[in-house]
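Working notes, structure below.
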Amino acid sequence: MLYFEGKQKANLMFPLPFEVEHQITTRRESGLQPLLNKFESLTRLPDSPIRAIHHQPATPGEFRDFPAALRPELREMLGRRGIRQLYSHQADALDEVFAGHDLVIVTPTASGKTLCYNLPVVNRILEAPDARALYLFPTKALAEDQLSELQAALDDMGAAIKAFTFDGDTPSDARKAIRQRANIVLSNPDMLHAGILPHHTKWTRLFENLQFIVIDELHSYRGVYGSHLANVLRRLKRICEFYGSKPQFVCCSATIANPRELAEALTGRAFAMVDRSGAPRGDRYFAFYNPPVVNRELGIRRSYINETRRMALECLDQNLHALIFANSRLATEILLTYLKDACDNGRAPTGSVRGYRGGYLPRERREIEQKMRAGEIRAIVATSALELGIDLGSLDAVVMAGYPGTVASTWQRAGRAGRRQTPSMAILVASSAPLDQYIVEHPEYFFGGSPEHAYISPDNLEILLSHLKCAAFELPLAAGEAFGGPDTKALCEFLAGAGFLHESAGCWHWTSDSYPADAVSLRAISSDNFVVVDITGEPKVIAEVSFPTALTTLHEKAIYLHEARQYHVDRFDYKERKAYVRRVDCDYYTDAIDYTQVHELQRFEEAPLGGARKLHGEVRVNTQVVGFKKIRFYTLENVGAGKLSMPEQEMHTTAFWLHAPAGLLGESSMEDRQSGLTAAGHALHTVASVLLMCDPRDLGVALGEEAVPGVAWEPNLFLYDKYPGGIGQSAPLFRMAERVVRDAAALIEACPCEAGCPSCVGPPMETGKHGKSMGLALLRGLM
């Protein structure tokens with residue numbers, strides 16, 4: 001299939017001088033054209049792996065004069081940078097902010113959103129030197145990147161405005177000066193939660209004069225992280241009210257379906273919105289590549305990792321600067337290993353390919369960012385850590401190893417290339433996962449549909465209680481004071497019974513010796529990280545790994561990959577949160593095997609569904625890493641395995657599940673019935689992720705069984721929220737169960753494989769030779 005459509009996407013922050021722009025454009029066009037020619041020739045083959053080539057034509061910019069309220073110092077600074085007019089959306093944004101409205105700006109990547117908040121903030125501080133602003137970014141790297149850009153503008157003006165980052169990397173001796181002197185504090189929600197709000201008495205000058213709160217990359221605050229941020233902002237607004245300030249919110253977002261609703265849900269305020277971009281952009285091409293089928297009977301395709309390697313090497317051969325995205329830490333390191341091997345064999349200069357992901361130390365990340373901007377690095381292999389708006393200079397191409405999980409994230413990644421009005425290309429290499437296959441075989445869904453909604457559940461009881469503790473620690477809670485939707489009095493009485501609060505003089509006071517913010521991680525189930533210590537020579541820390549990731553990547557006998565180097569894990573110290581590794585040279589990596597059990601705790605609602613029942617309620621999920629496989633590089637052969645006994649992890653969450661009575665699966669063998677349930681679970685998980693417009697990794701799937709006296713086996717098929725307390729995905733699934741089942745059956749029926757494949761019901765080794773037919777029979781029985 002070849003699919004063309006023009007879609008308006010803007011793509012520029014600052015215009016470049018014509019000579020520089022012409023040089024870059026010429027280089028890019030000469031490199032991109034041979035690659036485009038190859039792709040277009042492949043489309044003429046039968047069963048072409050190129051499923052779509054989408055062209056977005058270049059568009060000119062739409063400009064407007066500076067608003068009258070913009071001070072002369074700012075006009076002169078912009079003029080010296082070659083900016084004599086604003087893009088139309090920047091001018092509209094300034095008009096809204098100058099009018100005192102809370103605002104959300106929704107324009108594409110690299111369209112100049114930064115000026116939409118920097119100009120009014122600096123304008124206000126020039127008028128009132130005591131004014132303060134707080135900028136929140138989802139990552140420390142992005143805050144550092146934005147500070148360098150802001151500081152350059154302030155230095156150009158010669159203004160006595162102080163801007164500093166305040167995060168976990170800030171030296172302790174600098175923190176007091178920042179609290180006293182900073183007009184603009186650039187931080188992140190985690191630091192605001194644990195390092196600023198609990199110590200608000202040290203930040204008196206900030207909170208008394210706080211006039212702006214800027215939230216950048218708003219679209220990233222969805223699900224669990226967004227639910228936490230909404231509660232952090234509730235606490236922030238309480239403290240601002242205590243100090244007598246009422247700051248204005250300015251939020252920036254990439255394209256999602258409900259930016260205004262998300263901003264209002266996060267802040268509890270009404271927002272104006274600017275969503276029509278006036279930024280120019282160059283030609284952009286987007287190709288969908290589906291690896292060729294190598295076994296039609298089993299539906300097995302070429303490895304998407306190997307095909308991504310081929311695409312990345314094509315870019316390097318054409319002298320293009322590329323960013324390669326992978327969806328996991330392991331995939332990132334495998335791709336990096338392959339590309340570095342190619343460099344060692346002469347395909348590109350040694351050192352021209354680097355990796356970038358969470359777990360790298362801050363100095364490594366800063367070095368990689370600087371070298372990419374300077375043109376010393378030709379390609380970076382990254383996780384979603386580089387999905388956000390860190391400026392990496394002029395990129396020609398983006399290659400994605402697998403679908404990122406959402407339309408919004410895919411566009412965000414694709415937009416990292418072509419940030420200087422130059423032609424660019426994005427290539428999505430599909431894995432065999434059903435969701436990937438659906439997207440590349442239905443390009444009209446991706447290119448013609450709207451991006452996902454971003455949902456949060458700030459009144460999730462576990463999240464709300466955690467932040468209510470933090471709020472009481474910061475300031476006593478007045479009787480009748482609202483904090484979210486639920487009854488605050490009942491929650492305070494519960495916390496008092498647990499020994500955290502005490503009621504006195506009409507207020508609830510914090511009485512515990514604990515520091516509640518330390519016990520709450522905004523991004524993960526556990527706030528603990530593991531430190532990776534290299535003991536090859538003198539012991540040294542080489543990385544930091546989150547708690548959930550450590551259990552699957554740092555277990556004893558694992559091969560830990562870091563910058564394409566292999567390390568053998570000699571010792572895993574669970575109690576001290578450390579892993580001791582030794583440098584080795586081996587031709588394999590390890591992949592953990594985990595086991596999940598789900599147990600019903602409470603039913604919220606249930607109803608008949610065909611010949612079965614659908615249910616929604618609370619469940620207990622127990623997960624344990626029980627072993628690992630050794631996988632050889634390049635060939636992906638399984639060359640060994642090992643058993644493990646890692647600590648079991650338990651969580652309570654919400655789930656939607658289907659209960660199948662004993663007769664629904666007929667008289668087939670137990671093995672075939674289990675294969676059918678596994679197959680149906682794969683298809684249901686794929687369809688549920690699409691219908692919910694959620695990241696598939698936020699939704700778990702597992703089999704369970706219900707003990708019924710006198711009946712041999714009555715299984716349950718669970719789809720559960722992968723976060724304690726749930727994040728609001730199971731209730732909608734219960735309501736749309738009929739459609740989920742119908743679409744899952746259609747997905748299996750439409751797949752051309754004979755007995756099941758990764759694109760419909762999962763790998764054949766998991767579902768068996770009758771998995772596809774049994775799974776389809778089960779779903780039809782539910783219809």
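Observations on the structure shown:
- When only Cα pairs below 8 angstrom with a gap of at least 6 residues are kept, the range 192-319 shows a relative contact order of 21 percent.
- Computing FRET efficiency as 1/(1 + (r/R0)^6) for Val584 and Ala270, where r is the C-beta to C-beta distance and R0 is 56 Å, gives about 0.45.
- Efficiency of FRET between Ser245 and Lys489 - r from beta-carbon atoms, R0 30 angstrom, step 0.05: 0.65
- Once the Cβ-Cβ distance of Val639 and Thr201 is raised to the sixth power relative to R0 = 41 Å, the FRET efficiency obtained is 0.10.
- Distance (nanometres) between label positions extended 7 Å along Cα→Cβ at Ala174 and His453: 4.3
- Using a simple spin-label model with pseudo-atoms 7 Å out from Cα toward Cβ, Ala496 and Asn319 lie 7.5 nm apart.
- Built amide H within the under 5 Å cut-off of Val399, gap 5+: Leu323, Ile324, Phe325, Ile427
- Phi angles of the range 738-747 translate, via the Karplus equation with coefficients 6.51, -1.76, 1.60 and θ = phi - 60°, into HN-Hα couplings of 4, 5, 4, 5, 4, 5, 5, 5, 5, 4 Hz per residue; Gly and Pro are given as x.
- DSSP beta bridges fully contained in the chain are about 60 percent antiparallel.
- The modelled label-to-label distance for the pair Ala662/Ala755, using points 7 Å beyond Cα in the direction of Cβ, is 3.0 nm.
- Shown in residue order for the range 347-360 are the 3J(HN,Hα) couplings computed by the Karplus curve 6.51 cos²θ - 1.76 cosθ + 1.60 at θ = phi - 60°: 6, 7, x, 4, x, 8, 10, 10, x, 7, 7, x, x, 5 Hz (x for Gly and Pro).
- P(r) of the range 423-487 over all Cα-Cα pairs, binned every 10 Å from zero, in whole percent: 15, 27, 14, 16, 20, 8
- Cα-Cα over 27 Å, subset of Lys140/Lys722; Lys557/Lys769; Lys246/Lys722; Lys340/Lys629; Lys340/Lys540: Lys557/Lys769; Lys246/Lys722
- Looking at the range 379-433, the accessible area is 12 square angstrom per residue; that uses a 1.4 Å probe and ignores ligands, DNA and RNA.
- The gain in end-to-end length when the Glu648 to Glu376 segment is fully stretched comes to 93.4 nm, 0.36 nm per residue minus the alpha carbon separation.
- With pairing defined as another cysteine C-beta under 4.7 Å, the cysteines of the chain that fail it are Cys116, Cys240, Cys251, Cys252, Cys315, Cys343, Cys470, Cys492, Cys507, Cys586, Cys694.
- Atom-type composition of the exposed protein surface of the chain places 50 percent of the accessible area on carbon and sulfur (1.4 angstrom probe).
- Using Cβ point charges alone (K and R +1, D and E -1), the dipole size of the chain about the Cα centre works out to roughly 1320 debye.
- Evaluated on the chain, the Kirkwood hydrodynamic radius is 28.0 Å, with distances taken between all distinct Cα atoms.
- Contact order relative to length of the chain, as percent, for alpha carbon pairs under 8 angstrom and 6 or more apart: 12
- Counting DSSP beta bridges with both ends in the range 252-409, the antiparallel % (nearest 5): 10
- Rolling a 1.4 Å probe over the protein chains gives Cys315 an accessible area of about 0 Å².
The values are calculated or read from the model by the stated rules, or taken from the named source; none is laboratory data. Note that the coordinates shown come from a computational prediction; the quantities given were computed from them, not determined experimentally. Positions of Cβ are generated from backbone atoms using ideal geometry, with glycine treated the same way; all protein chains shown enter the neighbour counts. With ligands, DNA and RNA removed, areas are computed over all heavy atoms of the protein, side chains included. Shrake-Rupley method; radii C 1.70, N 1.55, O 1.52, S 1.80 Å.
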